[in-house]
Every structure is written in structure tokens, then in C-alpha cells.
Amino acid sequence: MPRFSTKMRQRMDIMYLTAQSLYFNAFSSSSLCLETAMQPVFLLVDNVVRRLGPVFVVLVIGLTTTVVMIFYVYILPFVFLCGMHWVLFHLVFGHYLLMNIIFHYYKGVTTSPGKPPEGNLKNIGITSVCKKCLSPKPPRTHHCSVCNKCVLKMDHHCPWLNNCVGHYNHRYFLQFCVFMWIGTVYVSISVWPLFYEEFFGTPGAVYQPKEHSNSNGLYEGDVVKYVSLYGQTFHSCILLEFFLCSGVVVALGALTMWHVRLITRGETSIEAHINRSETKRLKKLGLVYKNPYDFGPLENWRKFLGLGDNRTFWSHIAMPSSHPSEGNGFQWQFNFSKTDNGNCHV
């Protein structure tokens, strides 16, 4: 009986080992299993984002246009009561922000983020092969499941741009976020006095109709109705303007600060996750992981903004400019400097 049990145990072990050999992979991990199990959900989300991409673009354009029109019609007239110097400030500064917002959003939507070159791949640094499109993949290149293509220095797929954010339009995306955030802060501050009066005071107090008669002693009901209706519209537009812009200030501010932090560290959103995982893995081995694309905050920003070849911040960043970031997107410089104890892994 003991011999029979031993043989059965051996046969079960052989069957278990055989079954494992059919799907065993040295790169298997719990995260990979979870990713595989979630593929149907990812596929559904990708299809929804792909189909709703144009809707998001129209929504951005529509909301921005609404904010601008409310500012022109309801807020700007009150600026004239503050003096001509404030009028000039709002006209110049407001249109400066609007010009940059429109330019960088347009460029972010229409500029291709870049894809790996086809044909002759000689002298191009190829580090791996994409498991989705089975094509050579340069460093920092990742496959976008929404666009269904590999993207150079991919950061993420932005539904608000209906485009991937990669090497050639990353700067446009960030500058759009920065100028849009400044613009919403500017509008929120400008509309605050009117919002305070409408929200905490008497709604439509500025446009309260007063009974009066014309030269014939007749009540001008039509005029009063028009003024009252205008006051109701004024109230709704002021509340919409403040709540919309203040909400964007919080949400877009957090997103912008996250990307500013990533750029300062010389990494993308995808690389931040990879670097965090590598840091934990190598720490267990007694090694220190160093991001090979981190050249220090100032140099990282110079490369990202494409400042070089006689380009300056005031003429190429503060003002609209179509110049690209540094590099071609598939060949990258590496920083191989070691840490003080020399126990560094890149």
C-alpha cells in the first residue's frame, strides 16, 4: 500500500509538471496574470475611448467657447467700470492666453506623436519587438491599444486630444494644460466679485426691474420683461462660469503638476511605473536603480522644451512655436553616471 501511494504521488507530480510546462513562462508574474484576466475590460474601454474621442474634442471646444463668450458678454462690460488701464490689461492678457490655448490644443490634436520608422532599420537603436504589432521597438516606445500602433516616447493616450501624447506632441500637450490652467485661474478671479454677489447676495440684483412709465404714462412691460429675463440669464451664466472654471483649476492643476514632476525626473507616465517597479526589484538585490534618461531637472526641461539652436524661452515657449523637442524619438542619450557608493544599476 505505501508503494502504491508513492507511485500515485509520483504520477500526480509528473502530470502537474507536464501541465505547467504547457504554459510556463519565465516572465510570468501575478501582475501579468491580472493583466491577462483584465484584457476583456481593457478592450471594452479602448473601444469606448476610440469611439468617443471626437466627442471629447467637440466638448473641449464647446466648453472653451462658452467660457469665452460669457466673459465677453457679461464680465468684460464690468471691467470698463474699473478704469481704462484694467481694460487694456484684460484685453491684452486675456487674448494672449486665448491665443496660446487655441494654438497648443490644435497642435496637440493634429500633430502625430511619432511612430517607429519602417524599412531600413540600420543605425536605429532597437531594444525589443512589440508583442502586439510584432514590429521592432526603439527605446521608450510603447504600443497604444486605442490607436493600435507603437508610439515614440509614449506618455499616455489623451481622450481630450483624441490622440496619443508622445515625442512630437508632448510639449504641445503640457503647454496647453499650463495655459488652460492659467486661463481658468484668471477667469475665476475675474468673475469672483460677480459670482459672490449672485451666489451669496440677491440673485439678479444688478438687473432688478423697476416700474416706470413712458411719456404717455403707460407701463413699459415689454422692457421690464426683457431686463428681468436678462438678469436671470446673467445669474445662470455667472454661476456656470465660476463653477466650471474653478473645477478645471483643481482637476487640471493636479494633472499638470503630475506631468511637471515627471518631466523634471526625465520620465513619462509609463516609465514612472516601470522605474518604480525596477527600483523595488533591484532594492531586494542590494542595487540602486537609476533612470538612464534623467540628466537633472534643468537639462531634462531643456531637452523637453527643445531649447537649443538659438531658441529662447520667451520667443519659443512663452509665444506659440512649432519647433520639436530635442531628438528624433528613436535614438536617445543615456546617463550612465554612478551613485556615490558605485552600487548602481541602469
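With θ taken as phi - 60° and the Karplus curve 6.51 cos²θ - 1.76 cosθ + 1.60 applied, the whole-hertz 3J(HN,Hα) list for the stretch 65-70 is 4, 4, 4, 5, 5, 5 Hz, x standing for glycine and proline. Taking amide H positions as modeled 1.01 Å from N, with prolines and chain starts lacking one, the residues under 5 Å from residue 135 and 5 or more places away or on another chain are 130. Here the label points at residue 200 and residue 18, each 7 Å from Cα along the C-beta direction, are separated by 7.9 nm in the simple model.
Extending 7 Å from the Cα toward the beta-carbon at both residue 135 and residue 5 defines two label points whose distance is 6.1 nm.
The amide H of residue 157, built 1.01 Å from its N in the peptide plane, has 165 as neighbours under 5 Å, considering only residues 5 or more places off or on other chains. Each of 95, 167, 157 has its accessible area taken with a 1.4 Å probe; listed largest first, they run 95, 157, 167. Backbone amide hydrogens, once placed in the peptide plane, bring residue 294 within less than 5 Å of 335, excluding anything fewer than 5 places away on its chain. Computed from phi, the 3J(HN,Hα) profile of the stretch 144-156 under the Karplus parametrisation 6.51, -1.76, 1.60 (θ = phi - 60°) reads 9, 6, 6, 7, 6, 7, 7, 10, 5, 6, 5, 9, 5 Hz, with x in place of Gly and Pro.
Across 287, 134, the residue with the most accessible area heads the list, and the full order at a 1.4 Å probe is 134, 287. Per-residue 3J(HN,Hα) values for the stretch 107-114, derived from phi via the Karplus relation 6.51 cos²θ - 1.76 cosθ + 1.60 with θ = phi - 60°, read 5, x, 6, 8, 7, 5, x, x Hz in sequence order (x marks Gly and Pro). Between residue 310 and residue 61, the modelled label-to-label distance comes to 3.7 nm, taking each label 7 Å out from Cα in the direction of the beta carbon.
The values are calculated or read from the model by the stated rules, or taken from the named source; none is laboratory data. As the structure is a computational prediction, the values presented were derived from the model and not from experiment. No Cβ is skipped: glycine too gets one built from the backbone with ideal geometry, and neighbour counts run over all protein chains shown. For the accessible areas, the whole protein counts, side chains as well, though only heavy atoms, and no ligand, DNA or RNA atoms are used. Shrake-Rupley method; radii C 1.70, N 1.55, O 1.52, S 1.80 Å.
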